[in-house]
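Have a look at the structure below, then the notes.
The values are calculated or read from the model by the stated rules, or taken from the named source; none is laboratory data. Because the structure is a prediction, the values reported are computed rather than measured. Here Cβ is always computed from backbone atoms with ideal geometry, including for glycine, and neighbour counts include all displayed protein chains.
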Amino acid sequence: MLTTCYGFKIQNGLLRLPVRPRRYVYVKLNSRTLQVLSGHDARSVTLTSDSLSITYSKETVEIEPKGYVGVDRNLDNVTVASTDGRVRTFDLSKANKIKADYRYVKSRFKRNDSRTMARVFSKYGEKQRNRVQPILHNVSRRIVDDARTKRYGTVMEKLTGLRRLYRRGSFRSRNYRARMNNWSYGELQRQIEYKARWEGLKVIYVPARNTSKQCSICGYKTLESTQRKLWCPKCGTVLDRDENAARNIASGGLRFSPDGPPGEAMVEEREPENATLILKVDGGKLSQQPTTTTRPDEEDLTEPKNKHLVYSVSS
Ligand SMILES: [Zn+2]
């Protein structure tokens, strides 16, 4: 059972939920929940049989970026390149394996679509999500923490048309397409975006074309070199494929200057500078839950159920 409630109020450490006209249920919120909520707007409340989730938002002022980080997705990792030259790779093979296993098991049972099976798989799907989410949260948190320290904006590729790109008939192998489509990259992007915006950091999306083949030094079309490497016939540079793509994304798909950091102005040309922009940002979900071992969302809070003071009061 899941109920989302909007006509609520938070007062004196209590959450007031309407159950009938002029009749309310009060839930005592723990100090951590109240601390996180202070200064934010509570947006909605969701109740399940054993937990309470509150979504919240705050107003942020967008920080003018001092540089950019480009996030590129690959089969089993994301590569992140900053305009200061730093490159980091985050391994996500474990998350992909969990998802692939789930898809395989599910495909074995396709013809059997009785209600029971549907229930079993909804439960199983929830389990695999609960295992994948913390991995993605860890990676998105580390990417955003780094961007926040440097006051950098984040650049990612638009996912539109991605599935079309990896569908049948394209030159990649069937296995490659399946694995690329299986990726939780959309979810990772969503997490990076809301975490970055929460910190007031700029988020830019660029079209996916040309970011992988173009030379990040001179912009010329590169040639395939040995595995995972590209060679630029114009400037003669041998480039790491993932790094090159991430750098192209960081510079907004435009040229990287040969020495030193690339011109931020080039990115600014495409994204005209905004005056102080106030954004409304939805934060994570805040939950009061009984003991859980895996945290579906890192902002989730854990508290034993018996500590909740739940009582009904009529007024
Ligand atoms: Zn080149």
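Let's see how each residue does on (1) within 20 Å of E243 (Cβ to Cβ); (2) without any contact (Cβ under 8 Å) to a residue 24 or more places away in the chain:
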{"site": "G85", "(1), (2)": "yes, no"}
{"site": "I98", "(1), (2)": "no, no"}
{"site": "V105", "(1), (2)": "no, yes"}
{"site": "R119", "(1), (2)": "no, yes"}
{"site": "K123", "(1), (2)": "no, yes"}
{"site": "E126", "(1), (2)": "no, yes"}
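Would you point out which residue out of S82, S93 is of a type in the set (S, T, Y) and under 19 Å from Y185 (Cβ atoms)?
Being of a type in the set (S, T, Y) and under 19 Å from Y185 (Cβ atoms) holds for just one of S82, S93, which is S93.
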Condition broken by D242, with the remaining ones in (1) surrounded by 20 or more Cβ atoms within 10 Å (Cβ to Cβ); (2) in contact with an Asp or Glu (Cβ under 9 Å, 6 or more places away or on another chain); (3) at pLDDT below 90 satisfied: (3)
statement: Quick count over the stretch 194-213, residues being in a helix (DSSP H, G or I) and either surrounded by fewer than 22 Cβ atoms within 10 Å (Cβ to Cβ) or near the ligand (Cβ under 9 Å from one of its atoms) (or both), is 3
- prompt: Which ones in the stretch 31-59 are surrounded by fewer than 17 Cβ atoms within 10 Å (Cβ to Cβ) and of a type in the set (S, T, N, Q)?
  reply: S31, Q35, S38, S44, T46, T48, S49, S57
message: Tell me whether the stretch 214-222 contains one or more residues that are at pLDDT 90 or above, aliphatic (A, V, I, L, M) and either in a loop (DSSP other than H, G, I, E, B) or within 14 Å of the ligand (Cβ to nearest atom) (or both).
response: no
